[in-house]
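Engineer: Could you have a look at this structure, given as structure tokens, before my questions?
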Amino acid sequence: MEVSNKKIGFGTLPVYLTTVTTILGAVLFLRFGYAAAHVGFWGLIGLIVIGHIVTVPTAMAIAEIATNQRVEGGGAYYIISRSFGLNIGGAVGVALFLSQAISVSFYVIAFAEAFNPVFDFVNQKFGTNFHDVRIISIPVMILLSFLIISRGANMGMKALYVVAVILFISLFLFFIGSPIDPDYVPNLRETVSKPDDFFYVFIIIFPAFTGLIAGLGLSGDLKNPKKSIPLGVISATFTGIVVYIFAAYKLTACASPEQLANDQLIMSKIAVWGPIIPIGLAAAAISSALGSIMVAPRTLQAIGADNIFKLPQINKWIARGKIGTNEPRNASLFTIIIAFFFVSIGSINFIAEIISMFFIITYGAICAISFLEHFAADPAYRPSFKSKWQFSLIGAILSFWLMFKMNLPYAILSLVSIISIYSLISYYHQDRSGVANIFQGFIFQTTRKLRIFLQKSDNKGVSSSWRPSVVCITSDSFKRFSAFELLKWFSYKYGFGVHIHYIKGYLSKQSNKESKTVREKLIKLAEASKSNVYIDTLISPSITSAIAQVIQLPSVSGKENNMIMFEFDKKEPENIEYIIDNFQLIKSIDFDVCILGSSSKEFGYKSEIHIWITAKDYNNANLMILLGYIILGHKDWKDAEIKIFAVYPIEGIENARDKMFELIKSGHLPISHSNINIISQKENESIQSIICKNSEGSDLTIVGFKEEQIKKLGKEIFIGYDNIGNILFVNTTNKMKIAKD
């Protein structure tokens, strides 16, 4: 549903005036004196700086996002929902609407506070002590409700021009005023005795920094939002900074802390003509109330148009506008009900705390969006106005930090409320996404930079320790899962694994479609097994060409691939021929090789790993031990132990034992001496028979092999292990370090 009002077509000036009259509004007139009294001039400057460290990045982020996309009705809600997705946008949008609706009551009560001099006069005249501002605020709320329902935004904007003139005149007369006491010597560091907490003061005056949301709320009624929002919001924000700093100095230079604390209309005693301050306050408060009561219904109308709520009838009723202008009458009625409730409470400080919390959540969300958009580097994100990601990051962090510093219970309650609303919306709209897209872009950019960094580091020789970067290629991914499981363990903590499913054939539309289907199935399997393995498919006319392509693939991790893994079924060892035929091709690029012989026993109970080292094959020992240790790092093997078997001729037993103990000690491996078994090889006794006799109960057996054996014996070196479980054959051309020097 369209929520923009094409019949109005406001320009930049209404955005500026709506924003600046809310910024220079009730808080400036009623609470800046209180703030100066309790934190002093420099403390108040600190509050202004902190407030604007949040609001300036938010204003710049708003300008940036607004110049990148079409901005329609709903203002801040529209920006958040179109960037973070409708579900999270709806949750923040509901909070934003509530803060805007409650703001109406805040400004109406502030307007009533402008009549304090009238109350004082009446009480003095008739000897009464009546001071209930609701006698003013409730009738004003009734009048305001009638006007906004009957006349709509045009009425509000016409009144806004008059209000802005009165506001600037009152501020001018205040700034040219004189100190209350001509002999007063200002002390910019002085405060009242027992001042209120710094952050309590901040939460009371924070509504002074929420004006930029007011101008943004007119987005659906603007002729050119991409121009008017950045120009109007940013210029109003910087106008507010200048006025706030001068007002802070003027207050502390013209009145003592006690005077500032005891008279909330102290500005009237400083101004050249005192009555102009209550008039200015009334004008500022009523303009802010008008701004809020125009903006809040438009936020709610946009939420309804996006079908955020569960019941379609509610969404339709909220989104319905006046025929011809699309004025949000129904949403206005809902806003008025909320505002009436809080007007009846009558406490301006209580309301300030509530709206401060919801507004600062909104600011943090907008800054977070801008920061993530910068890092996501989406080609579609091309704003004509560009902010800096550092500003947005600071704004987001500070917003959420201030929440908890301002009021911990309110902060927790606000976050719980938003999370609950988000959970409900997500439950009812499970088909919607959005937040995943922006985080995917952020993660993509982060990993891209890390991969490039890792690649450069490797080229400079920065990395001093080896870790597996394994590529497994197989056409039997759905027949046997042992290779995938092993790859999962390799890549769990210490390494990186890529599983490539080989499809024999030529690349075509049909084969490409088949490969995508296979990849989706494998990804689902990887998700089910909670693995960190990267999944891909490869179409090639022969296994040789496929292996040639795989060993030349750049590593997904950023580090070069250094190991290739194959697997075969021990019951049908004929399929190992392709590995033997292509072994020289693999070794031409100096890859380590792992060949997994899969058994029907699979990995059993995952309680024992047996590693076999022989006198003729000591070069593979370090890599085999290191791989065993890496597998042991996975939670599946948390109760497992490594047993090392060294097979040596009888005459070399003692030397072998010392050598093994030294290897374990120097490698800092958690392997007990009792788990090292030195076995003497009898004459004419084969290694296979020794392994089969001692490792029948092993869940994984690791055995080394040499290139010369491949040339001489072929597949014979991989068979003859029928009575044991899965067996991993390992070959390396480098003597691997298993510990840092």
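Engineer: Name the one entry in Lys643, Lys638 that is in contact with a His (Cβ under 9 Å, 6 or more places away or on another chain), at negative phi, at pLDDT 85 or above and not β-branched (Val, Ile, Thr). Lay out the reasoning, then the answer.
Structural biologist: Values: Lys638 fails: in contact with a His (Cβ under 9 Å, 6 or more places away or on another chain).
Of Lys643, Lys638, the one residue that is in contact with a His (Cβ under 9 Å, 6 or more places away or on another chain), at negative phi, at pLDDT 85 or above and not β-branched (Val, Ile, Thr) is Lys643.
Let's see how each residue does on (1) open to solvent by less than 20 Å² (accessible area, probe 1.4 Å); (2) within 16 Å of Pro179 (Cα to Cα); (3) in contact with a strand residue (DSSP E or B) (Cβ under 8 Å, 6 or more places away or on another chain); (4) touching a residue at least 24 places away in the same chain (Cβ under 8 Å):
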{"site": "Ala255", "(1), (2), (3), (4)": "yes, yes, no, yes"}
{"site": "Ile266", "(1), (2), (3), (4)": "yes, yes, no, yes"}
{"site": "Ile277", "(1), (2), (3), (4)": "yes, yes, no, yes"}
{"site": "Ala282", "(1), (2), (3), (4)": "yes, no, no, yes"}
{"site": "Ser287", "(1), (2), (3), (4)": "yes, no, no, yes"}
{"site": "Ile293", "(1), (2), (3), (4)": "yes, no, no, yes"}
{"site": "Pro297", "(1), (2), (3), (4)": "yes, no, no, yes"}
{"site": "Ala302", "(1), (2), (3), (4)": "yes, no, no, yes"}
{"site": "Ile318", "(1), (2), (3), (4)": "yes, no, no, no"}
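Engineer: So in segment 134-169, with the set limited to residues that are at pLDDT below 70 and part of a helix (DSSP H, G or I), which one is farthest from Phe29 (Cα to Cα)?
Structural biologist: If we take residues in segment 134-169 being at pLDDT below 70 and part of a helix (DSSP H, G or I), then Arg151 is farthest from Phe29 (Cα to Cα).
Engineer: Another one. I need the full set of residues from segment 21-44 which are more than 31 Å from the chain's Cα centre (by Cα) and of a type in the set (A, V, I, L, M), in order please. First the steps, then the outcome.
Structural biologist: Filtering segment 21-44 for residues more than 31 Å from the chain's Cα centre (by Cα) gives 21, 24-44.
Within segment 21-44, Leu24, Ala26, Val27, Leu28, Leu30, Ala35, Ala36, Ala37, Val39, Leu44 qualify.
Engineer: Name the pairs whose Cβ atoms lie under 7 Å apart, with the first residue in segment 589-616 and without any contact (Cβ under 8 Å) to a residue 40 or more places away in the chain, the second open to solvent by 50 Å² or more (accessible area, probe 1.4 Å) and charged (D, E, K, R), and 6 or more positions between them or separate chains?
Structural biologist: The qualifying pairs do not exist here.
Engineer: Between a first residue in segment 524-546 that is under 15 Å from Val471 (Cα atoms) and of a type in the set (S, T, N, Q) and a second residue that is at pLDDT 90 or above and open to solvent by 30 Å² or more (accessible area, probe 1.4 Å), which pairs have beta carbons less than 8 Å apart while being 6 or more apart in sequence or on different chains?
Structural biologist: Filtered contacts from segment 524-546: Thr537/Lys516; Thr537/Arg519.
Engineer: Could I ask something else about it? Would you please name the residue that is least open to solvent (accessible area, probe 1.4 Å), looking only at residues in segment 578-599 that are charged (D, E, K, R) and modelled with pLDDT of 85 or more? Let's see the steps before the verdict.
Structural biologist: Within segment 578-599, the first condition is being charged (D, E, K, R), and the residues that meet it are 581, 587, 590, 592.
Retained after the next criterion (residues that are modelled with pLDDT of 85 or more): 581, 592.
Working: Asp581: 116, Asp592: 5 Å².
Here the answer is Asp592.
Engineer: Provide a single number: the residues in segment 321-344 that are modelled with pLDDT under 85 and open to solvent by 70 Å² or more (accessible area, probe 1.4 Å).
Structural biologist: Of the residues in that region, 3 qualify.
Engineer: Between Glu574, Glu567, Glu602, which is in a loop (DSSP other than H, G, I, E, B) and either at pLDDT below 85 or within 24 Å of Lys693 (Cα to Cα) (or both)?
Structural biologist: Numbers: Glu574 fails: in a loop (DSSP other than H, G, I, E, B); Glu567 fails: in a loop (DSSP other than H, G, I, E, B).
When all the criteria are applied, what remains is Glu602.
Engineer: Just checking, which of Leu44, Leu98 is at pLDDT 80 or above, out of contact with any Gly (no Cβ under 6 Å at 6 or more places or on another chain) and open to solvent by 10 Å² or more (accessible area, probe 1.4 Å)? Before the answer, list the steps.
Structural biologist: Numbers: Leu44 fails: open to solvent by 10 Å² or more (accessible area, probe 1.4 Å).
After ruling out the rest, the residue left standing is Leu98.
Engineer: Go through segment 107-152 and count every residue that is surrounded by fewer than 13 Cβ atoms within 10 Å (Cβ to Cβ) and at positive phi.
Structural biologist: Count: 1.
Engineer: Right, here's the next one. Please work out which one of (1) open to solvent by less than 50 Å² (accessible area, probe 1.4 Å); (2) at pLDDT 85 or above is the condition Lys706 fails and give its number.
Structural biologist: (1)
Engineer: Look through Val470, Val462 and report the one residue that is at pLDDT 90 or above and of a type outside the set (S, T, N, Q).
Structural biologist: Of the residues listed, the single one that is at pLDDT 90 or above and of a type outside the set (S, T, N, Q) is Val470.
The values are calculated or read from the model by the stated rules, or taken from the named source; none is laboratory data. For clarity, every value in this text was computed on a predicted model and none was experimentally measured. Neighbour counts run over all protein chains shown; Cβ positions are idealised from the backbone, glycine included. We work out accessible area using only protein heavy atoms, side chains counted, and drop any ligands, DNA or RNA first. Shrake-Rupley method; radii C 1.70, N 1.55, O 1.52, S 1.80 Å.
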